Amino acid sequence: MGSFFNALFNSSAPFLRNALLAGLLSSVLFGVLGTVVTVKRIAGLAGAISHAVLGGIGMALFLSATGRVANLSPIVGAIIFAVLAAIVIGIVSLKAQQREDTVINAIWAIGMSIGVLFMAKTPGYTDPASYLFGNILLISNRDLILMGLLDLIVIILVVRFYHQLEASSFDPEFAQVKGISSSLVFLVILSVTAIAVVLLQTYVGIVMVIAMLTLPAGTAGYSAKNMAHMMLLAWLYSSLFSVGGLIIGWILDFPVGATVVVLAGVVFLLASLFSMVKRRLKG
């Protein structure tokens, strides 16, 4: 433990402070958006979007490395692919529910395959695993700024449209009667989640983003009284998992992203077990 805090306040190791800030900033997105994803039961949709992102990353790397689009950042390609995937999945989910699973799985597989193909043809060596699993210790100042801006935007949107969000999440038909466009809210949620996935993949990687969008919120759901309370608890749990995983990973020399997810998973399973035992005792 002492070695972690010594390194944290060491001026020659700013990457660890960046990692800690990234964990705290990403916890806002994991907590707030994760609650919406969990309540609306769209974890599968979010998973497809997160994996389709690899296609945009691979294409951007290829175009930049070959000089076709100079200095094209992978994050730009990722955002474009993520938003397009969100819109396609959202429209299909709303208009053709019987084909939803097929389209979700197709976008999931095609997006990842496109990314691998472009990376294979990119001059030099490009490791897909670095994007699939992430590395919080490589977080840059730019990543922190982007996370902070997205945190601010998400919080403002949630505070401003909380009642519409809550109504469309729990009872879309009632929301429609009240004049709330559940379809529009749904598409906006998917689009914002898509952009968040792009930024968060640098933290725990594409593969693990979906776990952190569901585990803290799932844990919070066992004790939350309403949606706002669930968001706050999920935010708190995400922060604890992020900081705890960073400390454990640093001390034991484990991959931090994977450590965070394992910690979150263990707590979620314990909360599930406690809830099950509690229900049986009451019964």
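The values are calculated or read from the model by the stated rules, or taken from the named source; none is laboratory data. Predicted, not measured: the structure shown is a model, and the values here were computed from it. Because the Cβ atoms are built from the backbone with ideal geometry, glycine has one as well, and the counts that use them run over all protein chains shown.
Conditions (1) within 14 Å of Leu190 (Cβ to Cβ); (2) modelled with pLDDT of 85 or more; (3) out of contact with any helix residue (DSSP H, G or I) (no Cβ under 8 Å at 6 or more places or on another chain), marked per residue:
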residue: Ile57; (1), (2), (3): no, yes, no
residue: Val83; (1), (2), (3): yes, yes, no
residue: Ile87; (1), (2), (3): yes, yes, no
residue: Tyr125; (1), (2), (3): no, no, yes
residue: Ser130; (1), (2), (3): no, no, yes
residue: Leu137; (1), (2), (3): no, no, no
residue: Leu149; (1), (2), (3): no, yes, yes
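Among the residues of region 151-165 satisfying the criterion of being crowded, with 17+ Cβ neighbours inside 10 Å and either touching a strand residue (DSSP E or B) at 6+ places or on another chain (Cβ under 9 Å) or modelled with pLDDT under 90 (or both), which is farthest from Val76 (Cα to Cα)? The selected residue is Gln164. May I ask you to verify whether Ser182 is under 24 Å from Gly47 (Cβ atoms), more than 21 Å from the chain's Cα centre (by Cα) and among the hydroxyl-bearing types (Ser, Thr, Tyr)? So Ser182 fits the description; yes. Among the residues of region 269-280, are any surrounded by 16 or more Cβ atoms within 10 Å (Cβ to Cβ), assigned to a helix (DSSP H, G or I) and in contact (Cβ under 8 Å) with a residue 24 or more places away in the chain? Checked against the condition, which is being surrounded by 16 or more Cβ atoms within 10 Å (Cβ to Cβ), assigned to a helix (DSSP H, G or I) and in contact (Cβ under 8 Å) with a residue 24 or more places away in the chain, region 269-280 yields at least one hit.
Test Ile91 against the criterion of being surrounded by fewer than 21 Cβ atoms within 10 Å (Cβ to Cβ), within 20 Å of Ala43 (Cβ to Cβ) and among the aliphatic types (A, V, I, L, M), and give yes or no. Answer is yes for this residue. Looking only at region 96-106, which residues are modelled with pLDDT under 75 and either touching an Asp or Glu at 6+ places or on another chain (Cβ under 9 Å) or not hydrophobic (A, V, I, L, M, F, W, C) (or both)? If the condition is that a residue be modelled with pLDDT under 75 and either touching an Asp or Glu at 6+ places or on another chain (Cβ under 9 Å) or not hydrophobic (A, V, I, L, M, F, W, C) (or both), then Gln97, Gln98, Arg99, Glu100, Asp101 are the ones that fit. Scanning region 203-211 finds no residues that are within 30 Å of Asn18 (Cα to Cα), modelled with pLDDT of 95 or more and either not hydroxyl-bearing (Ser, Thr, Tyr) or not in a helix (DSSP H, G or I) (or both).
Hey, does region 133-142 have a residue that's surrounded by fewer than 18 Cβ atoms within 10 Å (Cβ to Cβ) and under 13 Å from Ser50 (Cα atoms)? Yes, there is a match, as at least one residue in region 133-142 is surrounded by fewer than 18 Cβ atoms within 10 Å (Cβ to Cβ) and under 13 Å from Ser50 (Cα atoms).
A single member of Gly265, Gly257 is modelled with pLDDT of 90 or more, surrounded by 14 or more Cβ atoms within 10 Å (Cβ to Cβ) and either of a type outside the set (Val, Ile, Thr) or under 22 Å from the mean Cα position of the chain (by Cα) (or both), and it is Gly265. Among helices (runs of 4 or more DSSP H) entirely within region 1-71, having at least 2 residues that are crowded, with 23+ Cβ neighbours inside 10 Å and small (Gly, Ala, Ser) singles out 14-39, 43-65.
Whenever a residue of region 104-130 is under 14 Å from Ala60 (Cβ atoms), it has no partner that is part of a loop (DSSP other than H, G, I, E, B) and modelled with pLDDT of 90 or more lying with C-beta atoms less than 6 angstrom away and at least six residues away or across chains.
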